[in-house]
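See structure below.
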Amino acid sequence: MRFTSFLLIFSAQLLWPRCAVSSFQEFLLSACQYMQIQEYVRLLSTWCDWNCHSRQFLLGSAHLSMGEPDKACDWMIQAVGGVGIDAFLTNHLFKNQDHALTDLPRLQVTYFLKIIHLFEQFGYYDHVIELAKAAMVICDHDNPDRVRISLISQVF
């Protein structure tokens, strides 16, 4: 009985959207449960602001995997607001990056470069241009990645 209640409490903590560990969201994406991600985000969008940007990114990833690049692009552009703020989003996207990336605009540009690469892998080059233009809007003139983004938008 005691083990069962412990297991129930532990499971509830992992599924609770305000949990510091977003294991449930990661599980849904890694298990290719794209429709469930959409429903999960829809259910939480009306009342839960916790990790909302990471949910937007996951929803964008789900749409990308389901062949809906327009929706994916919109959701991933919205998710940029959580870069540097949303712990789940920042930790998972920049876990192998240099820790010197603490400047918010630089993190956001790096975020755009990562999702541009993701869209290139899926072959959605029209959206690469849109993402590059969105990145140029937030990119400082002295940012070293500005030239790279500029080239991406000109090549495609």
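Would you please name the residue that is modelled with the highest pLDDT, looking only at residues in the stretch 38-65 that are within 19 Å of residue 80 (Cβ to Cβ) and not in a helix (DSSP H, G or I)? Show your work before the answer.
Here is the first cut: in the stretch 38-65, the ones within 19 Å of residue 80 (Cβ to Cβ) are 41, 45, 49-64.
Cutting the leftovers down to not in a helix (DSSP H, G or I) gives us 49-51.
On the way: 49: 74, 50: 72, 51: 78.
Out of the qualifying residues, it is 51.
Which residues, counting only those in the stretch 113-130, are within 10 Å of residue 72 (Cβ to Cβ) and in a helix (DSSP H, G or I)?
Within the stretch 113-130, the subset within 10 Å of residue 72 (Cβ to Cβ) is 115, 118-119, 122, 124, 127.
Selection gives 115, 118, 119, 122, 127.
So residue 35 ticks every box in (1) farther than 16 Å from residue 86 by Cβ; (2) at pLDDT below 85 but one. Which box is left unticked?
(2)
Any residue at all in the stretch 77-100 that's surrounded by fewer than 13 Cβ atoms within 10 Å (Cβ to Cβ), modelled with pLDDT of 90 or more and either in contact with a His (Cβ under 6 Å, 6 or more places away or on another chain) or not hydroxyl-bearing (Ser, Thr, Tyr) (or both)? Please lay out each step first, then the result.
To start, the set of residues in the stretch 77-100 that are surrounded by fewer than 13 Cβ atoms within 10 Å (Cβ to Cβ) comprises 85, 91, 95-100.
Pick out the ones that are also modelled with pLDDT of 90 or more and you get none.
No, the stretch 77-100 contains no residue that is surrounded by fewer than 13 Cβ atoms within 10 Å (Cβ to Cβ), modelled with pLDDT of 90 or more and either in contact with a His (Cβ under 6 Å, 6 or more places away or on another chain) or not hydroxyl-bearing (Ser, Thr, Tyr) (or both).
So which residues in the stretch 126-149 are modelled with pLDDT of 80 or more and surrounded by 14 or more Cβ atoms within 10 Å (Cβ to Cβ), if there are any at all? Talk me through it step by step, then tell me what you get.
The first filter runs over the stretch 126-149 and keeps only residues modelled with pLDDT of 80 or more, leaving 126-135.
Residues satisfying the conditions are 127, 128, 129, 130, 131, 132, 134, 135.
Under 7 Å between Cβ atoms, at least 6 apart or on separate chains: pull out the pairs that start in the stretch 24-39 with a residue that is touching a residue at least 40 places away in the same chain (Cβ under 8 Å) and hydroxyl-bearing (Ser, Thr, Tyr) and end on any residue that is part of a helix (DSSP H, G or I) and surrounded by fewer than 16 Cβ atoms within 10 Å (Cβ to Cβ).
If the second residue must be part of a helix (DSSP H, G or I) and surrounded by fewer than 16 Cβ atoms within 10 Å (Cβ to Cβ), no pairs are left.
The values are calculated or read from the model by the stated rules, or taken from the named source; none is laboratory data. Source: prediction; values computed, not measured. Glycine gets a Cβ as well: all are built from the backbone with ideal geometry, and neighbour counts include every protein chain shown.
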